[in-house]
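Taking it in order: structure first as structure tokens, then the write-up.
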Amino acid sequence: MRNIFVFSVLLFFLVIGNNFGQAADNFKKPKIKRVSEAYGFIKGQQYSLDLIKKELPQFRMSILKAQTSFNSNFGKAKEEIKRYLAESLGQNDFNQYEQTLVSELEKMLGDQIFTEEIAENFITEVENRAKGNIVSTVLETLLSFQFLDSPQDEFTSGFTTIFKTKGHLKSKNTDWQIKVPKSWKTEEADRPNIIQKFTSDYGAGNQIIMLMVK
């Protein structure tokens, strides 16, 4: 039963991605698709939690705890993503997108029967997501919007990754490491003295860190 539930959620994301693809292609940018996937992820999670709360009210407190934990780390991201999509698509197209989103959720998850085991597993999954255990690139997108106005807080909140120069072809035998925000995209650089570069907003931002060695 749990495998069926997980499969339904994954299938939902595929359908939403296909339905939204035509509108996104007009922008010729991958960011709009990435952001729409992150928004669908949040909406799908909330829809599932609401269903569990309705069918199994004994889990209300556990759901509230999981939601509070998730919103403390990614609550702002949801509002900023919603604002970005509305501005990028236009309010009318965004409203239509949300209607399609809800409609697909109702079709794919509306008849889902939640056992206590499924409910407990999903609530635990939401708690883990609150700690950053979220599939890429949804995690990076959520983080970039969560810390849109205060990127330094991504460091203090612990959402970082470590890059090590040891063993890199361009490192010239140097051995050191730095912490980089998880929302920044790691990429190889063309110039011979640049070991690695990192770009904010998972590659779509205007801030870049470049590691150079001479």
- Applying the selection to region 155-214, what residues are surrounded by 14 or more Cβ atoms within 10 Å (Cβ to Cβ), in contact (Cβ under 8 Å) with a residue 40 or more places away in the chain and more than 25 Å from Gly132 (Cβ to Cβ)? Lys170, Ser171, Val213
- Are any residues in region 158-182 under 17 Å from Leu143 (Cβ atoms) and either touching a Phe, Trp or Tyr at 6+ places or on another chain (Cβ under 6 Å) or of a type in the set (D, E, K, R) (or both), and if so, which ones? Lys179, Val180, Lys182
- Item | Failed criterion for Glu140 (all others in (1) outside any strand (DSSP E or B); (2) touching a Ser or Thr at 6+ places or on another chain (Cβ under 8 Å); (3) closer than 30 Å to Lys214 by Cβ hold) | (3)
- Just one listed residue, out of Glu104, Glu87, is under 18 Å from Ala38 (Cβ atoms) and modelled with pLDDT of 95 or more, and it is Glu87
- Message: Would you confirm, using the coordinates I've provided, whether Glu104 is surrounded by 15 or more Cβ atoms within 10 Å (Cβ to Cβ) and in the same structural domain as Ile42 (by TED's automatic domain parsing)?
- Response: yes
- Would you mind stating whether Thr137 is in contact with a Lys or Arg (Cβ under 9 Å, 6 or more places away or on another chain) and of a type outside the set (Lys, Arg)? yes
- How many of the residues making up region 143-182 are at pLDDT 90 or above, among the small types (Gly, Ala, Ser) and part of a loop (DSSP other than H, G, I, E, B)? 2
- Enumeration of residues in region 62-93 that are polar (S, T, N, Q), closer than 30 Å to Glu116 by Cβ and buried (at least 17 other Cβ atoms within 10 Å of the Cβ): Ser62, Gln67, Asn73
- Which numbered condition trips up Val126, out of (1) surrounded by 14 or more Cβ atoms within 10 Å (Cβ to Cβ); (2) more than 28 Å from Thr186 (Cα to Cα); (3) of a type outside the set (S, T, N, Q); (4) at pLDDT 95 or above? (2)
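The values are calculated or read from the model by the stated rules, or taken from the named source; none is laboratory data. It should be emphasised that the depicted structure is a prediction, and the values quoted were computed from it without experimental measurement. Ideal geometry is used to build each Cβ from the backbone, glycine not excepted, and the neighbour counts take in all protein chains shown.
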